[in-house]
Amino acid sequence: MKDAFTIRSFAERKKAGRKIVTITAYDATFARLCDEAGVDVVLVGDSLGMVIQGLPNTLAVTLDQMVYHTRLVSRGLSRAFLVMDLPFPSVPVSREQATAAAVRALAEGGAQAVKLEGHTPYVLDLVSHLVSHGIPVMGHVGLVPQSVHQMGGFRIQGKTREAGERVLEGARRLEEAGAFAVVLEAIPHPLAGEITAALGIPTIGIGAGPRCDGQVLVSYDLLGLNEAYCPRFVKKYANLSVTVKKALGDYADEVRGGVFPSFEEGPGRRTDPS
Ligand code: KIV
């Protein structure tokens, strides 16, 4: 088995100029596939609200749901590093509540780090508090989906000089507060390059161009599972919605036609993978 990807690997990869491959997963089967494909970091993103729960944004995802899905994902991993998003309802109320949520991510979910959106003074204080208590934190700047209403929709951030400087300054402050990496979402490519060069910690881009130290995508997007929605920056590496519908249609036809099951399929039960 290959060496596990640990928190130390983030700094090593930045130093060596080797990209960090990150992808979201929400269950054990997908997590196992990510692990076996050699993905470095698996994120249980609160994007699960949109891709799994069919919600219009991430705001209603609860801590219980995040911890549950993180636990499922942890069962599928043996090498990749596991990060859990702190969901919106657990963050703004108080540092105590957010800390308790992060503790659950590690203790119950099996996560090795949590991800926190934004760089307000409150978030920066929370990051240093968590890090000083042994909870690694990944930051997230640029388009921060939990602030969708404040941004007026899912929009590219950092487009003007001043706005870009605010994003850069936020990323710097997150590094100072002790974050071990930072996600850059939906910002202009030159700005992402500037931030990547300015930081000692790795940047993980999504819709932020090729100059980041790593990339992250939502698994359902890159696999082409969602026909109704696909952000412009996503490259589809498969068109699984077509493959899945074809397989389901074939199954339906064979059941209706009395072709499946044949006598060859025989009796039996599913083998238990554990
Ligand atoms: O929730 C999520 O999946 C994320 C990634 C898209 C970065 O935050």
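Numbers at a glance
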{"read-out": "Pairwise centroid distance, computed over Cα atoms, of the range 28-54 with the range 190-243, Å", "value": "14"}
{"read-out": "Only Lys, Arg (+1) and Asp, Glu (-1) charged, at Cβ; the range 89-234 dipole about Cα centre in debye", "value": "180"}
{"read-out": "Average Cα contact separation per residue, the chain, under 8 Å, 6 or more apart, as relative contact order %", "value": "15"}
{"read-out": "The range 7-238 - percent of accessible surface contributed by carbon and sulfur, probe 1.4 Å", "value": "55"}
{"read-out": "Pair GLN53, ALA16: separation of 7 Å Cα→Cβ label points (nm)", "value": "3.8"}
{"read-out": "Per-peptide average of other Cβ atoms within 10 Å, ordering 87-96, 34-43 highest first", "value": "34-43, 87-96"}
{"read-out": "Label-point separation, ARG161 to HIS149 (7 Å along Cα→Cβ), nm", "value": "3.5"}
{"read-out": "Net +/- balance of residues flanking PRO202 in space, Cβ distance below 13 Å, scoring K and R +1, D and E -1", "value": "+3"}
{"read-out": "Per-pair calculated FRET efficiency, R0 = 35 Å: ARG172 and ALA107 via Cβ, rounded to 0.05", "value": "0.70"}
{"read-out": "Nearest-0.05 FRET efficiency for LYS246 and TYR68, computed from C-beta distance (R0 41 Å)", "value": "0.85"}
{"read-out": "Peptide ranges 166-172, 231-237 listed from the most packed, as the mean C-beta count within 10 angstrom indicates", "value": "166-172, 231-237"}
{"read-out": "Within-14-Å neighbourhood charge of LEU174 [Cβ basis; K, R +1; D, E -1]", "value": "-2"}
{"read-out": "Net lengthening on full extension, ALA4/TYR229 (0.36 nm per residue, minus Cα-Cα)", "value": "77.6 nm"}
{"read-out": "Helix-derived mean residue ellipticity, 222 nm - over the chain, DSSP H n ≥ 4, -39500 (n - 2.57), to 500", "value": "-12500 deg cm²/dmol"}
{"read-out": "Cα centre as origin, Lys/Arg/Asp/Glu Cβ charges: the range 89-164 dipole, Debye", "value": "240"}
{"read-out": "Peptides 125-133, 253-261 ordered by average Cβ neighbours within 10 Å, highest first", "value": "125-133, 253-261"}
{"read-out": "Net charge over other residues, Cβ less than 14 angstrom from the Cβ of ALA80 (K, R count +1; D, E count -1)", "value": "+1"}
{"read-out": "Listed residue (SER132, ALA16, LEU82) projecting farthest to the positive dipole end of the chain, Cβ model", "value": "ALA16"}
{"read-out": "Rounded accessible area per residue of the range 16-133, 1.4 Å, Å²", "value": "40"}
{"read-out": "Gain upon complete extension [ALA238, VAL259; 0.36 nm per residue less C-alpha separation]", "value": "4.6 nm"}
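The values are calculated or read from the model by the stated rules, or taken from the named source; none is laboratory data. Values in this document were obtained by computation on a predicted structure and should not be read as measured data. Note: ideal-geometry Cβ built from the backbone for every residue, glycine included; neighbour counts use all protein chains shown. Keep in mind that these areas ignore ligands, DNA and RNA; they rest on the heavy atoms of the full protein, side chains included. Shrake-Rupley method; radii C 1.70, N 1.55, O 1.52, S 1.80 Å.
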